[in-house]
Amino acid sequence: KFIRTPLIAGNWKMNMDHQQAITLLQKLAWTLKDANHDFERVEVAVFPPFTDLRSVQTLIMGDKLKVKHGAQDLSEHDSGAYTGDISGAFLSKLGCEYVLVGHSERRQYHGEDDEICAAKIKAAFKHELAPVLCIGEGLDVRQAGEHIQFTLAQLSGALENLVGELTEAQLGSLVVAYEPVWAIGTGEVAGPAEAGEMCTAIRGRLTELVGEEVAQQIRVLYGGSVKAESIAALMAEEDIDGALVGGASLDATEFANIVRFEH
Ligand code: PEP
């Protein structure tokens with residue numbers, strides 16, 4: 001099934017100080033090592049808070065861990081008078097490969113819209129970070145039956161004006177995470193068929209935006225209360241290429257069991 005390398009990504013949100021981060025990452029690395037995890041087969045990435053990134057980078061480099069790391073946000077600007085913001089240039093220097101863009105909590109608490117997401121995606125690529133664009137509908141939209149239309153509009157809104165400026169290699173490295181807001185941190189997982197239907201629709205819209213060949217390379221993840229017990233059925237869906245995991249990524253054993261979904 002896997003024509004794209006599955007990606008299991010852990011979004012730690014605003015949890016774990018830099019010491020707790022080291023303990024969690026060490027435990028995750030040991031657990032995966034004991035299980036002989038093949039990182040070429042299933043890629044693993046963690047998204048710690050900014051203040052942990054240097055410690056995480058040092059541990060990964062020192063112990064030659066194959067876990068990758070990314071940041072939870074970036075500024076659309078490169079540098080300058082933007083107090084409190086973090087540039088993509090800083091993140092790539094800290095060894096980040098990925099960066100989340102447009103997580104629903106950024107949209108909700110920081111008013112990030114499609115235009116800001118587009119600017120952040122552009123900034124991410126400029127600094128050689130692969131953006132993980134998060135999209136997904138709230139409960140009211142789902143109940144009104146407008147979830148597909150709504151989520152695809154977020155996808156187009158973030159990408160349509162950018163596509164011409166990006167190379168095929170950049171576009172192929174994009175990751176899209178479908179995260180229905182009603183399933184995030186609520187314990188409510190979208191059923192595999194519901195999640196799969198949306199991820200297929202996302203790939204369809206990507207095909208319209210970037211062409212079939214590139215759309216086939218882009219990984220589409222599902223996120224929303226994923227746990228070890230729910231991952232296998234999600235991964236069986238044709239267009240689901242991995243998961244963005246929040247709460248369950250803070251428990252090394254649970255997260256390792258999600259990574260090892262085939263066992
Ligand atoms: C998330 O924050 O991206 C997420 C999916 O959280 P949770 O797994 O806790 O629902």
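Taking the condition of being out of contact with any Gly (no Cβ under 9 Å at 6 or more places or on another chain) and among the hydrophobic types (A, V, I, L, M, F, W, C), how many residues in segment 25-44 meet it? Break it down into steps so the answer makes sense when it comes.
The initial filter retains those residues of segment 25-44 that are out of contact with any Gly (no Cβ under 9 Å at 6 or more places or on another chain), namely 25-27, 29-41.
Next, from what is left, pick out any that are among the hydrophobic types (A, V, I, L, M, F, W, C): 25, 29-30, 32, 35, 39.
Of the residues in segment 25-44, 6 are out of contact with any Gly (no Cβ under 9 Å at 6 or more places or on another chain) and among the hydrophobic types (A, V, I, L, M, F, W, C).
List every residue pair whose Cβ atoms sit under 6 Å apart, with the two residues 6 or more apart in sequence or on different chains, where the first one lies in segment 38-50 and is within 15 Å of R219 (Cβ to Cβ) and the second, anywhere, is modelled with pLDDT under 95 and of a type in the set (S, T, Y).
Short answer, once both residue conditions are applied: none.
Could you please tell me which pairs satisfy a Cβ distance under 9 Å, a separation of 6+ or placement on different chains, a first residue in segment 239-253 that is free of Cβ contacts under 8 Å to residues at least 60 places away in the same chain, and a second residue that is assigned to a loop (DSSP other than H, G, I, E, B) and away from the ligand (no atom under 14 Å from the Cβ)?
Hits for this filter: I240/P6.
Among the residues of segment 167-187 satisfying the criterion of being near the ligand (Cβ under 8 Å from one of its atoms) and either hydroxyl-bearing (S, T, Y) or in contact with a helix residue (DSSP H, G or I) (Cβ under 7 Å, 6 or more places away or on another chain) (or both), which is modelled with the lowest pLDDT?
Ranking the qualifying residues of segment 167-187, first place goes to G185.
Does any residue of segment 30-50 turn out to be modelled with pLDDT of 95 or more, over 26 Å from S225 (Cβ atoms), outside any loop (DSSP other than H, G, I, E, B) and not hydrophobic (A, V, I, L, M, F, W, C)?
Yes; the residues of segment 30-50 include at least one that is modelled with pLDDT of 95 or more, over 26 Å from S225 (Cβ atoms), outside any loop (DSSP other than H, G, I, E, B) and not hydrophobic (A, V, I, L, M, F, W, C).
Please identify the pairs in which a residue from segment 63-84 that is in contact (Cβ under 8 Å) with a residue 24 or more places away in the chain and part of a loop (DSSP other than H, G, I, E, B) has its Cβ atom under 6 Å from the Cβ atom of a residue that is surrounded by 10 or more Cβ atoms within 10 Å (Cβ to Cβ) and aromatic (F, W, Y), counting only partners at least 6 apart or on another chain.
So the pair list comes out as K66/F39; Q72/F47; S75/Y82.
Could you tell me whether A256 is within 16 Å of V44 (Cβ to Cβ), in a helix (DSSP H, G or I) and either within 11 Å of the ligand (Cβ to nearest atom) or acidic (D, E) (or both)? So that I can check it myself, show each step before the final result.
On the way: within 16 Å of V44 (Cβ to Cβ): yes; in a helix (DSSP H, G or I): yes; either within 11 Å of the ligand (Cβ to nearest atom) or acidic (D, E) (or both): no.
In short, no.
How many residues are part of a loop (DSSP other than H, G, I, E, B) and at negative phi when one looks only at segment 2-21? So that I can check it myself, show each step before the final result.
Here is the first cut: in segment 2-21, the ones part of a loop (DSSP other than H, G, I, E, B) are 2-6, 12-17.
Retained after the next criterion (residues that are at negative phi): 2-6, 12, 14-15, 17.
Here the count works out to 9.
Where residues in segment 205-252 are closer than 20 Å to M14 by Cα and more than 10 Å from the ligand (Cβ to nearest atom), which of them is surrounded by the fewest Cβ atoms within 10 Å (Cβ to Cβ)?
Taking segment 205-252 first, the residues closer than 20 Å to M14 by Cα are 223-227, 243-252.
Remaining after also requiring more than 10 Å from the ligand (Cβ to nearest atom): 251-252.
On the way: D251: 17, A252: 19.
The selected residue is D251.
Can you tell which of S104, S156, S92, S79 is within 23 Å of I218 (Cα to Cα), surrounded by fewer than 18 Cβ atoms within 10 Å (Cβ to Cβ) and among the polar types (S, T, N, Q)? Steps first, answer last, please.
On the way: S104 fails: surrounded by fewer than 18 Cβ atoms within 10 Å (Cβ to Cβ); S92 fails: surrounded by fewer than 18 Cβ atoms within 10 Å (Cβ to Cβ); S79 fails: within 23 Å of I218 (Cα to Cα).
Exactly one of S104, S156, S92, S79 is within 23 Å of I218 (Cα to Cα), surrounded by fewer than 18 Cβ atoms within 10 Å (Cβ to Cβ) and among the polar types (S, T, N, Q), namely S156.
The values are calculated or read from the model by the stated rules, or taken from the named source; none is laboratory data. This structure is a prediction, so every number in the text was calculated from the model and none was measured. All Cβ positions, even for glycine, are placed from backbone atoms using ideal geometry, and neighbour counts span all protein chains on display.
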